[in-house]
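Reading through the structure tokens given below for one structure.
Every number here is computed from the coordinates shown, using simple stated rules; none is lab data. No experiment lies behind these values; they were computed from the predicted model shown. So basically every Cβ, Gly included, is an ideal-geometry build from the backbone, and we count neighbours across all protein chains shown.
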Amino acid sequence: MKLFVTGGAGYIGSAFVEEALNAGHEVTVFDNLSEGHRAAVDPRARFVEGCLSQRPAVDAALRAAGAEAVVHFAARALVGESMTDPGKYFGNNVANGLNLLEATTTAGIRKFVFSSTCATFGIPEVMPMTEDLPQRPVNPYGESKLMFETMLRWFREIHGLEFVVFRYFNAAGATKRFGEAHRIETHLIPNVLKVALGQAESCKIFGTDYPTPDGTCVRDYIHVSDLAQAHLLALAPGKAGFYNLGNGDGYSVREVIDTCRAVSGREIKALEEPRRPGDPPRLIADATKAVNELGWQPKFPKLEDIVCSAWEWHVGHPKGYGG
Ligand code: UFG
């Protein structure tokens with residue numbers, strides 16, 4: 001298929017593009033490189049540097065790509081930042097996203113795959129989390145993604161757009177070629193591995209008084225290649241709907257740090273800090289629906305394997321995409 005991939009220079013997008021090309025798809029990446037990296041775009045893909053805020057540029061790029069499906073990764077995606085700069089989230093994720101949606105339907109493209117998040121659920125009362133739980137986001141990031149989900153529902157109803165929405169839990173790990181390299185890193189695993197690499201003195205544990213077994217937050221870490229595989233399955237004819245993507249296992253911040261110690265064989269100093277605003281205590285997916293309806297089978301469900309792949313990538317790319 002001819003795919004138009006927004007955010008294909010970003011962390012999850014770059015892993016998807018690699019897998020999509022391996023699977024025989026033709027890929028155009030559209031990315032403004034605000035967070036992504038040119039070097040993270042698989043050289044087999046066509047690359048268009050552009051911003052979703054510029055509707056004519058989006059129209060032209062979609063036309064040139066001859067796109068049959070749009071896979072939309074591009075977004076601002078930091079919970080903490082959204083709590084201080086909500087406008088950035090509604091602007092990028094909602095307003096610019098709407099440009100893409102309109103351009104997609106105007107171009108007559110019927111298939112859309114969207115990267116949503118478990119942050120649309122807020123603080124869930126039921127664990128593990130199925131797709132039908134109430135969505136009550138507790139930060140502008142989750143709200144912006146939910147607003148896009150809502151727009152998709154209406155575009156389906158009115159324009160017949162067929163879509164798959166994936167609500168990711170905590171993306172982690174790397175392929176052999178593409179890994180996690182944010183300009184300002186806030187995520188747990190890369191920050192912990194920086195200490196193992198000798199690039200930081202210590203890592204931080206945000207909150208030790210949560211109602212969890214060891215007092216630190218519990219998350220469901222999912223390998224970026226497994227996320228990519230789910231997107232490929234979503235492109236099959238007739239696939240549509242909302243799917244949670246996680247492994248169904250929760251690991252605490254302390255368990256993640258211990259796993260990083262074991263995998264790297266290095267000492268990792270961890271400092272206990274106050275809670276970070278906006279962090280729910282536990283987020284664990286029930287991905288049964290994706291397994292049953294899409295035939296999704298995660299290949300790397302073990303945290304150790306996920307961390308191992310991240311460690312190998314960071315050792316091979318100590319400066320991320322900068323070196
Ligand atoms: N944490 C630390 N120290 C750090 C970084 C994080 O203790 O240096 C903690 C956080 O407080 C949190 C957990 O580790 O409890 C995971 O934090 P991340 O920043 O790695 O990931 P988040 O769970 O905050 O967010 C990620 C994505 C979001 C997505 C969310 C869904 O960034 O886009 O997962 O859970 F919405």
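Assorted remarks:
- Computed extension length for Ala262-Met1: 89.8 nm, one decimal, from 0.36 nm per residue of separation with the Cα-Cα distance subtracted.
- Distances between placed amide hydrogens fall under 5 Å for Met129 paired with Ile284, Ala285, Asp286, all partners being 5 or more residues away or on another chain.
- Result for the chain in a Gaussian network model with C-alpha springs under 10 Å: among Asp59, Asp42, Asp85, the largest mean-square fluctuation is at Asp85.
- Residue among Thr104, Thr130, Thr150 with the largest mean-square fluctuation in a Gaussian network model of the chain, springs linking Cα atoms under 10 Å: Thr150
- Shown here for region 235-323: trypsin sites (Lys or Arg not before Pro) in loop regions (DSSP other than H, G, I, E, B) with at most 16 other Cβ atoms within 10 Å, namely Arg266, Lys269, Arg275, Lys299, Lys302, Lys319.
- In loop segments of region 114-209 as defined by DSSP, the GluC sites (Glu not before Pro) with at most 12 further C-beta atoms inside 10 Å of their C-beta are Glu125, Glu201.
- Extended-chain gain in nm, criterion 0.36 nm per residue less alpha-carbon gap, Tyr321 and Cys51: 95.1 nm
- Added length on full extension, which subtracts the Cα-Cα distance from 0.36 nm per residue, Lys88 to Asp132: 13.0 nm
- For Ala171, the amide hydrogen comes within under 5 Å of the amide hydrogens of Ile222, counting only partners 5 or more places away or on other chains and with H modelled in the peptide plane.
- Taking every lysine pair in the chain that is 8 or more places apart or spans two chains, those with Cα atoms closer than 24 Å amount to 25.
- Virtual spin-label span in nm between Ile184 and Arg44, 7 Å along Cα→Cβ: 3.6 nm
- Centroid-to-centroid separation of region 263-323 and region 213-256 [C-alpha atoms, Å]: 10 Å
- Of Gly97, Gly160, Gly13, the one that fluctuates the most in a GNM where the chain has Cα springs shorter than 10 Å: Gly160
- Residues in region 307-319 carry Karplus couplings, in order, of 5, 4, 5, 5, 4, 4, 5, 5, 5, x, 9, x, 9 Hz; the curve used is 6.51 cos²θ - 1.76 cosθ + 1.60 with θ = phi - 60°, and Gly or Pro positions show x.
- For the pair region 136-188 / region 27-88, the C-alpha centres are spaced 13 Å from each other.
- Helical mean residue ellipticity (222 nm; -39500 (n - 2.57) per DSSP H run of 4+; nearest 500) of the chain: -10000 deg cm²/dmol
- Placing unit charges on the Cβ atoms of the charged side chains and taking the dipole of region 116-161 about its Cα centre, the candidate lying farthest along the positive direction among Met151, Met129, Cys118 is Met151.
- Estimated vicinal HN-Hα couplings, Hz - region 91-97 in sequence order (Karplus 6.51, -1.76, 1.60; Gly, Pro = x): x, 6, 7, 9, 5, 5, x
- For region 1-94, the list of trypsin sites (Lys or Arg not before Pro) that fall in a loop by DSSP and count at most 13 other C-beta atoms within 10 angstrom reads Arg44.
- Count Lys and Arg as plus one, Asp and Glu as minus one, and take only other residues whose Cβ is under 14 Å from that of Cys51; the net charge is then -1.
- Under 5 Å, built H, 5+ apart or other chain: amide partners of Val71: Phe4, Val5, Thr6, Val113
- Note, ³J(HN,Hα) from phi for region 146-157, Karplus 6.51, -1.76, 1.60, rounded to Hz, x at Gly and Pro: 5, 4, 5, 4, 5, 4, 4, 4, 6, 5, 5, 4
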